[in-house]
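The values are calculated or read from the model by the stated rules, or taken from the named source; none is laboratory data. Please read all numbers here as calculations on a predicted model, not as lab measurements. Quick reminder, even Gly has a Cβ in these numbers, built from the backbone with ideal geometry, and neighbours come from all protein chains shown. When the accessible area is computed, the model is the full protein with side chains, heavy atoms only, and any ligands, DNA or RNA have been set aside. Shrake-Rupley method; radii C 1.70, N 1.55, O 1.52, S 1.80 Å.
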Amino acid sequence: MRGLLWAIALLCLAMPAKAQDEEPILVPDISEHRIVLRQGFTGADLLMFGAILDRAGRRAQEEYDIVVVLKGPTEEIRLREKERWFGIWINADSTAYRSVPSFYAIASSRPVGEIVDDRTASIYELGLPWLQLSPSGSIDPTEQSRFSAGLVDLRQRQGLYRQYDSGVEVSEGVLYRARFDIPSNVIPGRYVAETFAISDGRVITSATSEVEVRKEGFEGTVAREAQDSAFLYGLFAVGLSVFMGWAAGRLFALV
């Protein structure tokens, strides 16, 4: 009897290790790890690609759905709603958000709703309907939902939020790839790409890679000075505006 109990105990200890060995390994990469914002920048095309392997470095035994999410730096924003009052559009209600992705794009091998349930999609923020925008302060849930939907719609029209259903191509169950369009109005910072391997509605494993978006040249110098010496930059901007106004006045007076 004691020997049987020992055998059961050893089997229980071995089962998690075996299950862990069966988990796939994601080997992700990006076509460009650095994007430079210069004058005349019109956008970029990023290729996310990689392989799905088992622990021995061979083709994984199971078929997995792949979801790739690319997020930009978070920022605090205040969203204002416009209201028509006696024929004039004025600011009405508003709400603030503590942590909003400046850029968000997702590509999946199938529509996300066919891969995971709402709870899993919310936990991992897999898709625009499940994006966690973190409003600050107290706000009515109905109002919060309306403002969040408005914010997502605004960012979509700006090209900053995108969702590519069936945007991931998986070849022979091993290689995957997805393309993301980076618009010209992205902000500098650290962009994180996270790849998820999903089976039977569960996230089995994930892997991350990074893209650095930065300004260089004259634009980079201006951005650094504005951040490092905000007071002096403000004085310079005011002085330049005054000078340009004076110069324009003198020019028109001569004409």
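Restricting attention to region 192-199, does a residue exist that is at pLDDT below 95 and assigned to a loop (DSSP other than H, G, I, E, B)?
There is no residue in region 192-199 that is at pLDDT below 95 and assigned to a loop (DSSP other than H, G, I, E, B).
For region 141-177, which residues satisfy the criterion of being modelled with pLDDT of 90 or more, in a helix (DSSP H, G or I) and in contact with a Leu (Cβ under 6 Å, 6 or more places away or on another chain)?
Scanning region 141-177 gives Leu151, Val152.
Which condition number does Phe180 fail, the rest of (1) without any contact (Cβ under 8 Å) to a residue 24 or more places away in the chain; (2) surrounded by 19 or more Cβ atoms within 10 Å (Cβ to Cβ) being met?
Checking Phe180 against (1) without any contact (Cβ under 8 Å) to a residue 24 or more places away in the chain; (2) surrounded by 19 or more Cβ atoms within 10 Å (Cβ to Cβ), the one that fails is (1).
Take residues that are open to solvent by less than 30 Å² (accessible area, probe 1.4 Å) and in contact (Cβ under 8 Å) with a residue 40 or more places away in the chain and tell me which of the strands (runs of 3 or more DSSP E) falling wholly in region 43-101 contain 3 or more.
Numbers: elements: 44-53, 65-71, 74-85, 88-101.
Answer list for region 43-101: 44-53, 65-71, 88-101.
Quick check on region 105-139: of everything there that is among the charged types (D, E, K, R) and not in a helix (DSSP H, G or I), which residue is surrounded by the most Cβ atoms within 10 Å (Cβ to Cβ)? It would help to see each step written out before you state the result.
Start the filter on region 105-139 by keeping residues that are among the charged types (D, E, K, R), which leaves 110, 114, 117-119, 125.
Among the residues that remain, those that are also not in a helix (DSSP H, G or I) are: 110, 117, 125.
Details: Arg110: 15, Asp117: 10, Glu125: 17.
Only one residue fits best here, namely Glu125.
Quick one: would you say Arg190 is among the charged types (D, E, K, R), out of contact with any Ser or Thr (no Cβ under 6 Å at 6 or more places or on another chain), more than 20 Å from Thr42 (Cβ to Cβ) and open to solvent by 10 Å² or more (accessible area, probe 1.4 Å)?
Working: among the charged types (D, E, K, R): yes; out of contact with any Ser or Thr (no Cβ under 6 Å at 6 or more places or on another chain): yes; more than 20 Å from Thr42 (Cβ to Cβ): yes; open to solvent by 10 Å² or more (accessible area, probe 1.4 Å): yes.
Spelling it out, Arg190 is indeed among the charged types (D, E, K, R), out of contact with any Ser or Thr (no Cβ under 6 Å at 6 or more places or on another chain), more than 20 Å from Thr42 (Cβ to Cβ) and open to solvent by 10 Å² or more (accessible area, probe 1.4 Å).
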